[in-house]
Structure formats: structure tokens, C-alpha cells
Amino acid sequence: MKFELKPLSRESIERSLAKADRYRLLNEPEQAESICRDILRIDPGNQQVLVTLLLALTEQFSRRWPDATSRAAKVLEHFDDPYEKVYYAGLVAERKARAKLKQHIPGADHTAYRFLREAMELFEQAEKQRPKGNDDPILRYNSCARTIMDASLKPSPEDDFIPLLE
């Protein structure tokens with residue numbers, strides 16, 4: 001069944017975004033996502049809403065892996081600021097890793113390691129572009145590094161494969 005979605009008023013954007021942030025804090029990312037999508041229907045380029053939407057999607061990685069990860073990648077395409085694009089790409093990779101670590105299935109630790117290393121590389125790129133006084137990429141980089149060290153994560157054995165020369 002298909003419904004006609006009702007549009008929000010432009011005057012409600014600020015209040016609606018605050019509500020989306022509250023739903024994220026209440027661990028209801030699906031509700032936050034819905035609100036962000038409503039706002040983006042009337043203000044498609046709103047960068048603050050895109051950030052909230054992206055965070056809400058990453059909070060769904062553990063429950064809705066393929067769907068949430070592909071939608072998060074699409075949201076990243078709409079970021080205007082190069083620093084924010086690379087910083088949040090790192091955050092997406094980090095949250096993919098943390099979702100994999102919660103799975104406790106064979107090979108998940110290797111996949112988590114790969115995503116954490118990807119995140120660290122992105123955070124290093126973001127560090128070079130960051131605004132003065134913004135150490136967020138350094139904080140995230142250190143968090144990823146600590147997770148790798150504390151959990152003794154390693155790359156998968158095939159990542160270490162070096163072919164023998166004849």
C-alpha cells in the first residue's frame with residue numbers, strides 16, 4: 001500500500017531537526033531518519049540534516065546492514081564541504097567496523113580490522129583539512145587505534161598473502 005506523504009512547513013525545520021536529534025539520543029534512529037527525510041523533501045541541501053540522517057543510518061548498521069550501509073553511502077554524496085565528506089566517510093567506516101565486531105561470527109574481526117584501518121586513513125585525510133582547533137579526526141583516529149590494540153585485531157590472512165616469485 002502506498003501513502004501520500006504530508007509535507008512539513010519550512011518554519012518547522014529547526015524544531016523537527018531538534019526532534020530528530022532527540023530520537024537519536026533515545027536510540028530510535030529509524031524515527032530520526034524519517035524526520036530527516038521529511039525535512040530534506042523541503043530543504044534538500046540542508047547539510048546539518050544530512051549529518052543527522054547519516055548518523056541515524058550508521059546507528060542502524062547492526063540491525064539493517066546492507067540497506068543502511070548503502071543508504072549511508074548515498075547520503076555522503078550530498079555533503080558539500082570536503083572536510084566533512086572525508087571525516088564522515090571515516091565515521092561510516094568506523095561504525096561499520098563496530099557493527100561487525102558485535103556480530104561475533106567467523107571473520108568478523110578481520111572485517112572490522114579492515115574497516116577500522118579504512119577509517120583511520122580517512123581520519124588522517126580529514127586531519128589535514130580540519131578547521132583550526134578541531135581535533136575530531138584525531139580523537140576518532142585514536143579511538144580506532146585503541147579498538148584494534150585492545151581487541152588484538154589483525155588483518156585477514158589473505159590480506160598478508162605475498163605470491164612467491166618463480
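So for region 2-20 (the condition being touching a residue at least 12 places away in the same chain (Cβ under 8 Å), open to solvent by less than 90 Å² (accessible area, probe 1.4 Å) and in contact with a Phe, Trp or Tyr (Cβ under 7 Å, 6 or more places away or on another chain)), does at least one residue qualify?
The answer is no; no qualifying residue exists.
Out of all the residues in region 112-141, which are polar (S, T, N, Q) and more than 17 Å from the chain's Cα centre (by Cα)?
Gln129, Asn134
Tell me the residue from Ser143, Ser152 that is free of Cβ contacts under 8 Å to residues at least 24 places away in the same chain and open to solvent by less than 80 Å² (accessible area, probe 1.4 Å), please.
Unique residue meeting the criteria: Ser152.
For residues that are part of a helix (DSSP H, G or I) and surrounded by fewer than 22 Cβ atoms within 10 Å (Cβ to Cβ), scanning just region 55-74, find the one that is modelled with the lowest pLDDT.
Once the filter is applied, the top-ranked residue is Trp65.
Just wondering, is there one or more residues in region 157-164 that are part of a loop (DSSP other than H, G, I, E, B) and either modelled with pLDDT of 95 or more or surrounded by 11 or more Cβ atoms within 10 Å (Cβ to Cβ) (or both)?
No; the residues of region 157-164 include none that is part of a loop (DSSP other than H, G, I, E, B) and either modelled with pLDDT of 95 or more or surrounded by 11 or more Cβ atoms within 10 Å (Cβ to Cβ) (or both).
How many residues does region 21-39 hold that are on the phi < 0 side of the Ramachandran plot and open to solvent by 30 Å² or more (accessible area, probe 1.4 Å)?
12
If Asp43 passes every condition in (1) among the charged types (D, E, K, R); (2) open to solvent by 60 Å² or more (accessible area, probe 1.4 Å); (3) farther than 22 Å from Leu91 by Cα but one, which one does it miss?
All conditions pass for Asp43, except number (2).
Which of the following residues is under 11 Å from the mean Cα position of the chain (by Cα), free of Cβ contacts under 8 Å to residues at least 40 places away in the same chain and under 24 Å from Pro137 (Cβ atoms): Glu94, Glu84, Glu59, Glu77?
Glu59
Of all the residues that make up region 75-121, how many are of a type in the set (D, E, K, R) and open to solvent by less than 30 Å² (accessible area, probe 1.4 Å)?
1
For a quick check of your reading of the model, give me the residue pairs whose first member lies in region 21-39 and is of a type in the set (A, V, I, L, M), whose second is open to solvent by less than 70 Å² (accessible area, probe 1.4 Å) and not in a helix (DSSP H, G or I), with beta-carbon atoms closer than 9 Å and at least 6 apart or on different chains.
Ala32/Glu59; Ile35/Leu8; Ile39/Leu8; Ile39/Asn46
Might you check whether a residue that is of a type in the set (Phe, Trp, Tyr) and farther than 18 Å from Gln47 by Cβ occurs anywhere in region 85-93?
No, region 85-93 contains no residue that is of a type in the set (Phe, Trp, Tyr) and farther than 18 Å from Gln47 by Cβ.
The values are calculated or read from the model by the stated rules, or taken from the named source; none is laboratory data. Everything numeric in this text was worked out from a predicted model, so none of it was measured. When we count neighbours, we look across all protein chains shown, and the Cβ atoms used for this are built from the backbone with ideal geometry, even at glycine. Only protein heavy atoms, including side chains, enter the accessible area calculation; ligands, DNA and RNA are left aside. Shrake-Rupley method; radii C 1.70, N 1.55, O 1.52, S 1.80 Å.
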